[in-house]
Amino acid sequence: MADSRTAYRTCPFCEAACGLELTIAGERVVAARGDRDHVFSHGFVCPKGATFGQVTDDPDRLRRPLVRRAGTHVEVDWDEAFDVVAAGLRPVLETYGPHAVAIYLGNPNVHTMAGGLYLSPLVKALGTRNVFSASTVDQMPKHVSCGYLFGSPLTIPVPDLDRTDLLLMLGANPWESNGSLATAADFPGRLKAIQERAGRFIVVDPRRTRTAAHANEHLFIRPGTDAFLLFGIVHTLFADNLLNPSPYVEGVSAVGRLAEDFAPSVVAPVCGVPADRIRSLAHELAASPRAAVYGRIGTCTVEFGTLTSWLVDVVNALTGNLDRPGGVMFPLAPHVRRGKGTGKGFRVGRWHSRVRGLPEVKGELPVATLADEIETPGDEQVRALVTVAGNPALSTPNSGRLDRALSGLSFMVSVDPYLNETTRHADVVLPPPDAVRKGHYDFSFLALAVRNFAAYNPPVLPPLPGAMDECDILARLTAIVSGAPSSPAEPERLLDAALRAGPYGLTLEQLVASPHGIDLGPLEPRLPEVLRTPSGRVELCPEPLAADVERLRGALDREPGGLVLIGRRHLRSNNSWMHNVPALVKGRDRCTLQLHPADAARLDLTDGDDAQVTSRVGTLTARVEVTDTVMPGVVSLPHGWGHDVPGTRQTVAAAHPGVNSNVLTDESVIDPLSGNSVLNGIPVEIKPLVRS
Ligand code: SF4
């Protein structure tokens with residue numbers, strides 16, 4: 001293309017961290033494709049990454065701050081917007097104290113340098129115990145189990161996809177999600193490569209997902225029962241003398257005692273996986289020299305989320321697959337310093353939520369109790385809210401209640417590029433620049449990558465006139481709440497310092513000179529250096545987890561009841577925020593209620609009917625899709641939809657609204673160890689609706 005140039009940029013839309021090759025014409029990104037020379041992604045791109053230019057150019061994106069006046073959001077300049085923020089936040093802080101201001105941090109923060117560097121100072125300056133994030137509707141159970149096992153909630157082993165011969169995946173659908181808590185550009189290609197080298201991958205899921213359809217084997221499992229299956233495997237490892245514990249592991253025999261009550265014959269009726277298959281899975285994992293168990297969101301957003309996340313790594317550790325090539329391993333990111341192999345360990349409950357008394361975990365409280373804290377009168381009631389890149393009005397349980405609670409706040413400020421279902425409640429909206437106008441380094445995902453690498457991209461385009469950098473927005477908010485003067489943010493200087501102090505001694509200059517990234521080699525064993533436990537060992541049977549096994553034991557006798565709801569993920573969707581991109585929402589309606597033909601027949605429903613779905617907390621109407629890809633007794637709705645509320649400015653999303661599955665999920669049910677919401681396995685009733 002005449003007068004165009006090429007630039008390279010890591011895709012910030014999901015955890016896969018693919019390298020993109022962008023075609024720039026003037027001030028616009030006119031094409032995006034996979035960067036064939038990228039050291040990690042080798043040219044892979046998915047439909048979301050290919051729309052990079054449409055996302056950055058979205059005419060509905062906010063480019064100037066908004067202030068709400070007489071119920072309408074109007075554009076103002078930055079100084080005026082920050083004056084309104086100061087006038088709204090400072091009186092709440094001064095009158096009611098720091099806990100009267102809550103903060104909610106959404107998932108996109110882990111994809112930005114601003115999120116990596118400038119959120120912690122803001123949270124610290126607020127001094128509130130009411131810190132909430134998308135982690136408690138997602139992966140908090142994994143942080144907690146790893147915190148207890150390895151001493152730090154950020155020490156998370158990832159499956160060594162490129163060298164494993166047997167991968168057992170539970171509650172994960174990387175063919176659609178591109179992977180999570182395991183950064184692996186072209187995850188599907190890496191799975192196919194396992195098969196090409198005569199290995200296997202097995203999927204355990206209540207749905208025959210796209211990943212399951214490509215697997216060597218798919219095992220249906222009842223939603224929320226993966227912990228029973230995994231305990232059945234652990235039981236077999238002990239009973240059949242298959243143990244081969246990884247080095248530096250203690251607490252093996254205590255785990256064996258806990259597993260005694262979970263024989264395959266006992267857990268099979270609960271989880272729905274045949275006892276013989278549970279036994280043979282244990283034998284196959286034990287016999288394979290290079291095997292890995294990987295669990296993702298379906299194992300976290302359930303009532304036994306932390307136990308399940310723990311058991312994933314218990315199986316890895318008992319079969320010798322923790323920290324060895326082809327098993328699960330610990331990445332070494334370029335900005336992270338090596339450790340000493342010991343530390344203070346992990347603990348929770350440094351404070352508790354005011355209303356429900358729920359313990360703090362990893363510096364935050366469960367978002368399932370945010371509405372309680374806003375609605376319940378009393379000292380330290382939440383009266384003001386800061387949201388950064390989050391849409392809790394769609395993404396958290398019983399979101400109808402939270403939506404109503406948000407409208408009752410005294411003041412709310414949101415850092416967000418969209419006027420969406422959450423930010424419509426804000427008094428001030430502060431829009432960050434789009435991804436092409438800011439530097440990019442993955443503080444989070446380089447620490448979760450299945451191969452060590454480094455990549456940094458400077459801004460591809462200059463700032464738009466009148467725009468404010470996202471780091472500066474957060475720094476200015478920090479200054480307002482702390483009362484200290486604001487100074488210009490310096491993210492690149494901070495990154496350079498972290499790289500120089502890191503294990504590879506890299507510099508920012510080296511990364512700038514390497515637009516396709518720098519390969520740092522395959523993962524290498526890191527035990528015991530990576531540990532932060534007081535013992536300097538992998539503490540396989542920590543007391544809080546052992547105590548929670550009693551709760552699991554109590555569920556052994558539960559009779560499977562009626563229909564239960566689970567979520568699902570689509571390749572062209574990413575939670576709630578990419579539904580305003582025409583290329584990603586076109587085609588058939590994907591926000592359908594999937595149910596099995598046997599259930600459909602029993603309920604007198606056929607494809608295309610409307611059905612009323614009711615849970616303890618809410619009711620919605622959804623279009624029925626009859627399919628045997630879900631198991632009998634299970635219905636599925638995707639999450640992140642429900643764009644039909646007034647006061648938003650997302651034209652495309654509003655034309656493809658879908659329904660909000662979190663109208664049905666229940667904020668009163670959480671995984672007690674992590675505070676994570678339970679978004680899968682929700683009891684529902686369904687009945688046909690006659691279309692008028
Ligand atoms: S897989 Fe993720 S990182 Fe890669 S192009 Fe797609 S959205 Fe971007």
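Quick one: what are the phi-derived ³J(HN,Hα) couplings along region 330-342, Karplus 6.51/-1.76/1.60 with θ = phi - 60°, whole Hz, x for glycine and proline?
9, x, 10, 6, x, 9, 9, 6, 5, x, 9, x, 7
Gap in Å between the Cα centre of region 669-692 and the Cα centre of region 551-577?
8
Within region 602-625, which residues have the backbone N less than 11 Å from the label spot 7 Å out from K687 along Cα→beta-carbon, could you tell me?
Counting backbone N atoms under 11 Å from the label point, the list is 612-614.
Using a simple spin-label model with points 7 Å from Cα along the Cα→Cβ vector, what separation in nm is obtained for H283 and R616?
With each label point 7 Å from Cα toward Cβ, the separation is 4.2 nm.
Find how many whole Å separate the alpha carbon centroid of region 23-67 from the alpha carbon centroid of region 507-543.
Distance between centres, Cα-based: 30 Å.
Beyond a 29 Å Cα-Cα separation, which of these cross-linked pairs lie in this structure: K142/K340; K48/K142; K142/K192; K192/K687; K142/K344; K344/K438?
Working: K142/K340 23 Å; K48/K142 26 Å; K142/K192 26 Å; K192/K687 41 Å; K142/K344 19 Å; K344/K438 37 Å.
Too far apart for the 29 Å limit: K192/K687; K344/K438.
Which order do peptides 483-496, 144-157 fall in by mean Cβ count within 10 Å, highest first? It would help to have the intermediate numbers written out before the result.
Values: 483-496: 14.4, 144-157: 24.4.
Ranking, from highest mean packing down: 144-157, 483-496.
Counting only residues 5 or more places away or on other chains, whose amide H sits under 5 Å from the amide H of S353 once H atoms are built in the peptide plane?
Distant-sequence amide H within range of S353: L358, E360.
Once you keep just the Cα pairs under 8 angstrom separated by 6 or more residues, what percentage relative contact order results for region 616-692?
Numbers: 63 pairs, mean separation 24.0, N = 77.
Relative contact order, region 616-692: 31 percent.
What ³J(HN,Hα) values, in whole Hz, does the Karplus curve 6.51 cos²θ - 1.76 cosθ + 1.60 give for region 21-35 when θ = phi - 60°, with x put for Gly and Pro?
Result, rounded to whole Hz: 9, 9, 9, 10, 10, x, 10, 10, 8, 9, 7, 9, 9, x, 7.
What whole number of Å gives the distance from the Cα centroid of region 228-257 to the Cα centroid of region 99-128?
A separation of 39 Å, based on Cα centres.
Please compute the contact order of the chain in relative form: average sequence separation of alpha-carbon pairs under 8 Å and at least six residues apart, divided by the residue count, as a percent.
Values: 1687 pairs, mean separation 136.8, N = 692.
RCO, the chain: 20 percent.
Using 0.36 nm times the number of residues separating A86 and E559, minus their current alpha carbon distance, what extension gain do you get? Provide the component values of the computation, followed by the final result.
Values: separation 473, 0.36 × 473 = 170.28 nm, distance 5.48 nm.
Taking 0.36 nm per residue and subtracting the Cα distance, the gain is 164.8 nm.
Which distance in nm do the two modelled labels at K192 and T651 give, with both placed 7 Å along the Cα-to-Cβ direction?
3.8
Rounded to the nearest 500 deg cm²/dmol, what is the calculated helix-only ellipticity per residue at 222 nm for the chain, with -39500 (n - 2.57) per DSSP H run of length n ≥ 4? Spell out each step's value before the answer.
Numbers: 24 runs with 209 residues, N = 692.
The helix-only estimate for the chain comes to -8500 deg cm²/dmol at 222 nm.
What's the extension gain from A513 to K124 if we count 0.36 nm per residue and subtract their Cα-Cα distance?
Numbers: separation 389, 0.36 × 389 = 140.04 nm, distance 3.48 nm.
Contour length minus the Cα-Cα distance gives 136.6 nm.
Cα to Cα, under 18 Å, and not fewer than 8 places away if on the same chain: which lysines meet these conditions relative to K124?
Excluding near neighbours in sequence, the set is K362.
Hey, got the dipole for region 203-293? About the Cα centre, +1 on K and R Cβ, -1 on D and E Cβ, debye to the nearest 20?
On the way: 8 positive and 9 negative charges, 72 e Å.
Computed charge dipole of region 203-293: roughly 340 debye.
Scan around V630 for amide H atoms under 5 Å from its own, H built in the peptide plane at 1.01 Å from N, and keep only partners 5 or more places away or cross-chain.
R208
Out of residues 5 or more away from G295 or on other chains, whose amide H comes under 5 Å of its own, with H placed 1.01 Å from N in the peptide plane?
Here the answer is L170, since their amide H atoms fall under 5 Å of that of G295.
If packing is taken as the average number of other Cβ atoms within 10 Å across a peptide's residues, how do 465-473, 577-585 rank, most packed first?
Top of the packing list down: 577-585, 465-473.
Hey, can you rank 233-244, 62-73 by average C-beta count inside 10 Å, highest first? Display every interim value, and only then the final one.
Values: 233-244: 18.6, 62-73: 15.6.
So the peptides 233-244, 62-73, ranked by packing, come out 233-244, 62-73.
Every number in this text was worked out from the coordinates using simple rules, so none of it is lab data. Note that the structure is predicted; figures quoted are calculated from it, not measured. Quick reminder, even Gly has a Cβ in these numbers, built from the backbone with ideal geometry, and neighbours come from all protein chains shown.
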